[in-house]
Amino acid sequence: MLDLSKKYPRSISRNGMSIELSVFTAEDIDDVHQFACSLPEGDLQFLRIDITDRPTLERWADSVSKGQRYTILARRDGKLVGYGSLNRRELHWMRHLGEIRVIVSPEVRRIGLGALLASETFDIARDLGLTKIVAQMAREQQGARKMFQDLGFAAEALLADWVIDRDGKTRDMLIMSFDVTGLG
Ligand SMILES: CC(C)(COP(=O)(O)OP(=O)(O)OC[C@H]1O[C@@H](n2cnc3c(N)ncnc32)[C@H](O)[C@@H]1OP(=O)(O)O)[C@@H](O)C(=O)NCCC(=O)NCCS
């Protein structure tokens, strides 16, 4: 398990605002729940896990404590405004894979926070020795696609009807990936 205590917590500046980064622990469950419940329905439609559900958040915190996930929280003036998460695969034949998830609050979008959180989790993946980093999204999530593209990810697969939204409508899933072995 990676020791992140030297890197977090720390403050960074974006667009003149100070953002505090920290590692998600069980003590943050209330804040993450509040953050999730404040997200617009459009964002909640595409969540891989239902982060408005407290037991789901408890399992998440548990998996962080076991090193199966690494989640970096971003706060502005003490209020949670986003997170980036690296999820490892439990499957033996996918142990080289890491999946990045990022969500940023609408009020602080387009100032580089999403890309920053993606980069922070990307660095964790590299430090863990993972060689293939992936991001999954619904085809409609164009902002996410552009952000990962800008970070060097390439579209790898489009899987028809692989995800189902909160209204029960199926969507195509886009998988983007970054092959770390190609880096110097
Ligand atoms: C995708 C998301 C994380 C981006 O967060 P963000 O903080 O706004 O992203 P950034 O400011 O770092 O943007 C980085 C680049 O991504 C691209 N981008 C981000 N959002 C975009 C949008 N809505 N439309 C077009 N391009 C977009 C841009 O190229 C942007 O650079 P620029 O602002 O200099 O043009 C955010 O929109 C979000 O939380 N969406 C809902 C959840 C989601 O889709 N998560 C991704 C699935 S893992």
key: Listed peptides 150-162, 35-47 by packing density, highest first (mean Cβ within 10 Å)   = 35-47, 150-162
request  = List nothing, just return the count: lysine pairs in the chain, 8 or more apart or interchain, with Cα separation under 28 Å.
outcome  = 12
inquiry  = Let me check I've understood the local charge: for Leu113, count other residues with C-beta under 10 angstrom from its C-beta, Lys and Arg +1, Asp and Glu -1. What total comes out?
reply    = +4
task = Beta carbons within 10 angstrom, averaged per residue: use that to sort the peptides 66-73, 49-56, highest first.
result = 66-73, 49-56
Region 140-184-region 29-104 distance, computed between alpha-carbon centres (Å) = 17
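Each reported figure results from applying straightforward, stated rules to the coordinates on display, with no laboratory input. None of the values given here were measured: they were computed from a predicted structure. Neighbour counts are summed over all protein chains in view; Cβ atoms, including those assigned to glycine, are modelled from backbone coordinates with ideal geometry.
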